[in-house]
Structure formats: C-alpha cells, structure tokens
Amino acid sequence: MSTVEDASPTASRWQIQLICYGLTAAGVVLGIADMVRPDPLTAAALLLVAPLALLIAASAPAAFEVRLGLSKILNPLLGVPTVLVLVMALVRQLVDPTWAVVSSAVGAAMFLALGFAARVRPGLQSPIAMMVLLAVSGGLYGYGAIVLADVQFDTSPTTVVQAPVTGKFLTYDLPSTHYHLRLAPWGARTTPNEVEVPHAVYDALGPGALACIVQHPGALGLAWLTARTCKPN
C-alpha cells in the first residue's frame with residue numbers, strides 16, 4: 001500500500017471531525033444567541049444545525065470516540081446543541097405537552113435506529129454507548145424542536161385572561177432559580193395552575209393580586225401561555 005493510500009483515510013477522518021465539531025460549535029453559538037435575543041431565523045438555523053453533527057458522526061463514529069476511564073464513548077459534546085434546544089423549550093409553558101412527548105419518543109426511536117445501523121462501522125469500540133447517546137439526543141431534540149418551532153414561529157393573535165394569585169414558590173436548578181405563581185382556576189380550566197414567571201413578575205404579584213395569562217395558539221397548534229402583571233385600565 002502506498003503512502004498516499006495510507007494518508008487518505010487519515011485525511012477523511014480529519015475532514016469529518018472538522019465538519020462535525022464545526023457544526024457543534026455553530027449550534028452552541030446559535031443556541032446562546034437565541035436565548036439572549038429570540039429570533040425566528042436564528043431558531044430555524046439552530047433547529048437545522050443542532051442534529052447535523054450527530055447525523056454525520058454516525059457515518060464514522062469511531063472518529064469521535066473519546067476515552068472515559070477504561071472505555072471509549074462517542075464524544076458527548078456532539079449532543080450539546082440538542083441539549084440547548086431542550087433547555088429553550090423547557091422555559092416555554094405548553095397547555096398540553098402530549099404531542100411534545102410523542103415527538104420526543106419519535107426522535108429517540110429514529111436516532112436509536114440510526115445508531116443501530118451504525119454499530120457495525122469499522123473501528124467502533126463502544127456501539128452500545130453510541131446508541132445510548134444518539135437515542136438520548138434524539139429524544140431531547142424531538143421534544144425541544146417541536147416546542148421551539150411552535151413558540152418562535154407563532155405570529156397568531158393572543159388572548160388575555162385574568163386569574164387571582166393564590167401563592168408563589170421557588171424552585172432551584174443549579175445555577176438557576178425559577179419563579180412560580182399558583183393561580184386559581186381560570187378560563188376553561190377547573191383546577192389551579194402553576195406557571196413560571198420572570199423574577200420581576202414574581203416580585204410584583206403576591207397572593208390576592210391578579211395575574212394576566214397571555215394565551216398563544218402556537219404556530220403548530222400547540223397552545224402555550226405566558227403570565228405577566230396586568231396593565232391598569
């Protein structure tokens with residue numbers, strides 16, 4: 001075998017690593033940018049880029065295995081953009097998350113099937129770990145993508161209803177603090193609800209005050225809501 005023939009696989013490996021890690025970095029930048037300043041075009045680019053690194057890496061998974069203890073696993077960094085998609089989705093409040101959960105299951109199944117097909121790729125040392133990472137990433141992306149698209153592409157008119165605040169509480173997810181209001185039944189709802197709100201809204205509203213619930217139809221038909229202080233008449 002000639003030197004040129006020996007170098008060819010190394011060159012191909014380097015090229016695919018450059019592409020995948022470049023896409024991963026782009027996904028992280030887009031995710032952070034959309035968190036800081038939500039924009040439909042940024043969201044669309046993120047939804048396109050986030051799964052690409054994993055999809056391409058599945059064609060040559062051995063090139064992306066890193067050592068963890070005595071074994072090797074597919075580099076978890078490739079899944080960071082899908083985690084950001086999920087994080088951005090979790091700060092949105094769907095009225096009914098059923099279809100988002102279904103989308104998560106479909107995403108996990110599709111990525112698992114991709115990993116199952118890639119388990120026989122040359123040089124791969126940990127096929128089970130690769131399939132697990134792909135399935136988890138697919139599930140995160142499946143849930144986050146449908147919520148993110150539903151919210152950020154939503155241009156439908158909103159409706160506002162008022163609901164009395166019955167209590168409020170904090171939850172902690174290091175390093176973040178989350179602010180929640182408990183509301184009396186409102187609209188078509190017959191049970192009290194808990195909604196997450198910005199810090200300023202949490203401080204402004206106490207038990208007995210009225211919160212304004214802004215109801216959004218959703219670009220994909222998955223209704224979502226936000227809560228704010230009510231403007232004086």
The conditions are (1) part of a strand (DSSP E or B); (2) modelled with pLDDT under 90, and residue 188 fails exactly one of them. Which is it? (1)
Among (1) without any contact (Cβ under 8 Å) to a residue 24 or more places away in the chain; (2) of a type outside the set (Val, Ile, Thr); (3) in the same structural domain as residue 66 (by TED's automatic domain parsing), the one test that residue 114 misses: (1)
Verdict on residue 210 being surrounded by 20 or more Cβ atoms within 10 Å (Cβ to Cβ) and either at pLDDT 90 or above or small (Gly, Ala, Ser) (or both): no
Just for the range 150-164: of the residues that are surrounded by 18 or more Cβ atoms within 10 Å (Cβ to Cβ) and in contact with a Leu (Cβ under 6 Å, 6 or more places away or on another chain), which one is farthest from residue 212 (Cα to Cα)? 150
Residue 121 passes all but one of the listed conditions (1) part of a helix (DSSP H, G or I); (2) surrounded by fewer than 19 Cβ atoms within 10 Å (Cβ to Cβ); the exception is number (1)
If I filter the range 48-70 down to residues being among the hydrophobic types (A, V, I, L, M, F, W, C) and part of a loop (DSSP other than H, G, I, E, B), which single residue comes out as modelled with the highest pLDDT? 50
When only residues in the range 100-109 that are surrounded by fewer than 17 Cβ atoms within 10 Å (Cβ to Cβ) and in contact (Cβ under 8 Å) with a residue 12 or more places away in the chain count, which is farthest from residue 218 (Cα to Cα)? 109
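The values are calculated or read from the model by the stated rules, or taken from the named source; none is laboratory data. Nothing here was measured: the structure is a model prediction, and the numbers come from that model. Every residue, glycine as well, gets a Cβ built from its backbone with ideal geometry; the counts of neighbours run over all protein chains shown.
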